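Just below is one structure, and these are the notes that go with it.
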Number of protein chains: 2
Amino acid sequence: MNEAGPRWRRRKEARPAEMIEAALDVFAEHGFAAAKLDDIARRAGVAKGSLYLYFDTKEALFRAVVEQIIAPAVSRVLAMAQIPEEGPQNGPFAEVAPRLLAGAALALSQDRVAAVARMVIGEARTFPDLARVWHDQVVGPLLSAVAARIARAQAAGEVRPGSPRTHAFSLVGPLLMATLYRQVFAGVDADPPDLAQVAAQHAQSLLQGLILPATPPAKELPDD
Amino acid sequence: MNEAGPRWRRRKEARPAEMIEAALDVFAEHGFAAAKLDDIARRAGVAKGSLYLYFDTKEALFRAVVEQIIAPAVSRVLAMAQIPEEGPQNGPFAEVAPRLLAGAALALSQDRVAAVARMVIGEARTFPDLARVWHDQVVGPLLSAVAARIARAQAAGEVRPGSPRTHAFSLVGPLLMATLYRQVFAGVDADPPDLAQVAAQHAQSLLQGLILPATPPAKELPDD
DNA sequence: TGCTTTAATGACCTGAAAGTCATTTACTAG
DNA sequence: CTAGTAAATGACTTTCAGGTCATTAAAGCA
């Protein structure tokens, strides 16, 4: 019987991150309620009791996962979109919008980010304060930044009038829909939508308009 | 001590519907996993054991809720949008699309429908066959119908080229986003988006284009 | 009015998973 | 080398909700 080394190591610094990583996998696969702490512990290579050295409850672990995964994604999207609050002009809106959507598509292409988004939607009612954090720190700032940029474009006469906030929904809604579609129907639909393609085509459609300006097909004109 | 009548009544026909109704309320409030059958039973005015006379398991009850609530909503949307599979021409796409979005907004304005949608998104991983049913019977048909209508409009030269399916995402994504926003942030955001407003403004924006064609604001032109 | 049927009950059973803690053992300071 | 510390363990406790079933009683019928 070979005893290669100590049965376990003391790794106070590395443990929490590993636990969060493992928790993300298990939560994403089964959802919050159906995820078992034993599974998470096993995947993290620790005993269940060890989880409680770093997280008080299952919910605390869940919240740590959300914060850990999402915070970088949010700042990355805003950075890629290059939407500074009060910065200098950063190009015409017709160029900013596709950049923003492309950046969002890239961020949401990571299944980890998309899975967290799906889980928050599913669990918001179970954890009202999670919904509050998400609203105040993620969705709110993102929506406000986009709406502010749209309002600037409206002031410059670039963009059609209307509620900037609603325009923001117009802009990013399809991407959210495609993301959720991929998450919900993974394994059911063999041909899920491609986020980059949706982002590109939607940017084009929304900016330029879906309707073609009465280009007669040279054939169906009523003969008079 | 007044004994007004029998302790309970036999109502084989009315029970299931009442149970589904109560179950919807409790599921919508707490999510599937956190919903207690005792609560559902109490709200339905029956004992827990009675639930098992009509539904084999908690999951069966959940599925009954989904089917009961969604089926009418789906057919109503398609009816309001007046998108027959092979029917006669039903007006230019520029008129059909707003009608479709308005109908969808109306259907999704019922919190019951929206709550079910949110729950399916949240629970799809826990119940893979629920995701399959939802895909095959709800989302798939709806998306296909809309995409088919868009393809017809493209063939007629009304609509810009591009994947019809992606165009369908462009069309309905913002409404889904607004619906989920309302569901997730109910109680957190005091000023949620109005679905009818989002539908109307988005239809306008998407069809006509968000970008204004270089209308000089008569003031900021560089003076040369 | 009594008999049969079966809808309905609710106390109970049971499995499962969150959370605890006395014990073990890796590490470190002296 | 030794003693002190605290990271880590995993068997145990506790809680709780899904599911069962022997019993009750409402309704239909002769």
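What do you reckon, is B:Val120 in a helix (DSSP H, G or I) and β-branched (Val, Ile, Thr)? When the stated conditions are applied, B:Val120 passes them. Among the residues of region B:196-210, those that are modelled with pLDDT of 95 or more and open to solvent by less than 50 Å² (accessible area, probe 1.4 Å) comprise B:Val198, B:Ala199, B:Gln201, B:His202, B:Ala203, B:Ser205, B:Leu206, B:Leu207, B:Gly209. Taking region A:146-169 as the range and being within 7 Å of another protein chain (Cβ to nearest Cβ), touching a strand residue (DSSP E or B) at 6+ places or on another chain (Cβ under 8 Å) and open to solvent by less than 10 Å² (accessible area, probe 1.4 Å) as the test, the residues that pass are A:Val159, A:His167.
Taking region B:62-74 as the range and being more than 12 Å from the chain's Cα centre (by Cα), away from DNA strand C (no atom under 16 Å from the Cβ) and under 16 Å from B:Ala35 (Cα atoms) as the test, the residues that pass are B:Phe62, B:Arg63, B:Val65.
Looking only at region B:92-105, decide whether some residue is open to solvent by 20 Å² or more (accessible area, probe 1.4 Å) and either farther than 17 Å from B:Val172 by Cα or outside the structural domain of B:Leu143 (by TED's automatic domain parsing) (or both). So far as region B:92-105 goes, yes, one or more of its residues are open to solvent by 20 Å² or more (accessible area, probe 1.4 Å) and either farther than 17 Å from B:Val172 by Cα or outside the structural domain of B:Leu143 (by TED's automatic domain parsing) (or both). Listed by first and then second residue, the pairs linking a residue in region B:4-17 that is closer than 19 Å to B:Lys58 by Cα to a residue that is within 6 Å of DNA strand C (Cβ to nearest atom) and hydroxyl-bearing (Ser, Thr, Tyr), with Cβ atoms under 8 Å apart and 6 or more places separating them unless they lie on different chains, are B:Arg15/B:Ser50. Each residue in region B:170-186 was checked for being of a type in the set (Gly, Ala, Ser), open to solvent by 20 Å² or more (accessible area, probe 1.4 Å) and facing chain A (nearest Cβ under 7 Å), and 0 of them qualify. Residues considered: B:Pro164, B:Pro213, B:Pro141. Of these, the only one that is touching a residue at least 24 places away in the same chain (Cβ under 8 Å) and either among the small types (Gly, Ala, Ser) or farther than 26 Å from B:Val26 by Cα (or both) is B:Pro141. Taken together, the residues in region A:121-145 that are over 16 Å from A:Ala60 (Cβ atoms), among the charged types (D, E, K, R) and either surrounded by fewer than 19 Cβ atoms within 10 Å (Cβ to Cβ) or touching a Cys at 6+ places or on another chain (Cβ under 7 Å) (or both) amount to 1.
Scanning region A:41-76 for residues that are under 30 Å from A:Ala105 (Cβ atoms) and within 16 Å of DNA strand D (Cβ to nearest atom) yields A:Arg43, A:Leu61, A:Ala64. Is it true that B:Pro193 is modelled with pLDDT of 95 or more, more than 10 Å from chain A (Cβ to nearest Cβ) and buried (at least 18 other Cβ atoms within 10 Å of the Cβ)? Taking the combined requirement at face value, the residue does not satisfy it.
I'd like to know if region A:170-184 contains one or more residues that are at pLDDT 95 or above, of a type in the set (D, E, K, R) and within 27 Å of B:Pro192 (Cα to Cα). Yes, there is a match, as at least one residue in region A:170-184 is at pLDDT 95 or above, of a type in the set (D, E, K, R) and within 27 Å of B:Pro192 (Cα to Cα). Among residues of region A:17-61 being in a helix (DSSP H, G or I), within 14 Å of chain B (Cβ to nearest Cβ) and more than 9 Å from DNA strand C (Cβ to nearest atom), the one that is most open to solvent (accessible area, probe 1.4 Å) is A:Glu29. The number of residues in region A:1-39 that are closer than 18 Å to A:Arg118 by Cβ and within 13 Å of DNA strand D (Cβ to nearest atom) comes to 2. Across region A:1-16, the number of residues qualifying as farther than 19 Å from A:Gln68 by Cβ and open to solvent by less than 90 Å² (accessible area, probe 1.4 Å) comes to 2.
The values are calculated or read from the model by the stated rules, or taken from the named source; none is laboratory data. Everything numeric here is computed off the predicted structure, so don't read it as measured data. Cβ sites come from the backbone with ideal geometry, for glycine too, and all protein chains shown count toward neighbours. Remember, those area values only see protein heavy atoms, side chains included, never the ligands or the DNA or RNA. Shrake-Rupley method; radii C 1.70, N 1.55, O 1.52, S 1.80 Å.
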